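The values are calculated or read from the model by the stated rules, or taken from the named source; none is laboratory data. This is a predicted model, so every value here is computed, not measured. So basically every Cβ, Gly included, is an ideal-geometry build from the backbone, and we count neighbours across all protein chains shown. Side chains included, ligands, DNA and RNA excluded: accessible areas come from the protein's heavy atoms. Shrake-Rupley method; radii C 1.70, N 1.55, O 1.52, S 1.80 Å.
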Amino acid sequence: RSPSSLLSFVMPGQFHPLRRNTCLVVFSVDPATLEGAEILTSMSTFLRRLIPVQFGFYLVVPDHLQILQQASSSSFESGRRWESLTLSDQIARAFHHIQDNKGGKSAFEFVVAV
């Protein structure tokens, strides 16, 4: 349908029947929190229902901000051991590994399942 169909009336709570993504929504998500899990689950539901909204997200790891603020650029150590990482950092690293090796769809399914 054409974008002019956005001007037509629809019942409250319904979406216009478009075939184009008319909106872009980007979330910052901490994957280890309940709020982050709820956002990812909602995104998954919208994608399954083919709602005409384009979604994006980036994983936020709160301890990285603290480490970067406390450490000087010369003393920052990025090769920390897996056991010393927070849950958010472990999920984010696993997500990026799956995305690089299996693709974005598999990585998104992983982070929603976690």
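Worth a mention:
- In the stretch 15-22 there is no residue matching the filter, namely being surrounded by 13 or more Cβ atoms within 10 Å (Cβ to Cβ), at pLDDT 70 or above, among the hydrophobic types (A, V, I, L, M, F, W, C) and closer than 29 Å to residue 106 by Cα.
- If you go through the stretch 94-111 and keep only what is within 18 Å of residue 33 (Cα to Cα) and open to solvent by 90 Å² or more (accessible area, probe 1.4 Å), you end up with just 109.
- Some residue of the stretch 93-109 being at pLDDT 75 or above and either more than 21 Å from the chain's Cα centre (by Cα) or not in a helix (DSSP H, G or I) (or both): yes
- Beta carbons closer than 6 Å, at least 6 apart along the sequence or on distinct chains, pair a first residue in the stretch 28-52 that is over 15 Å from residue 91 (Cα atoms) with a second that is open to solvent by 40 Å² or more (accessible area, probe 1.4 Å) for 39/27; 43/55; 44/112; 52/21; 52/22.
- Among the residues of the stretch 46-58, the one identified as open to solvent by less than 30 Å² (accessible area, probe 1.4 Å) and within 17 Å of residue 111 (Cα to Cα) is 56.
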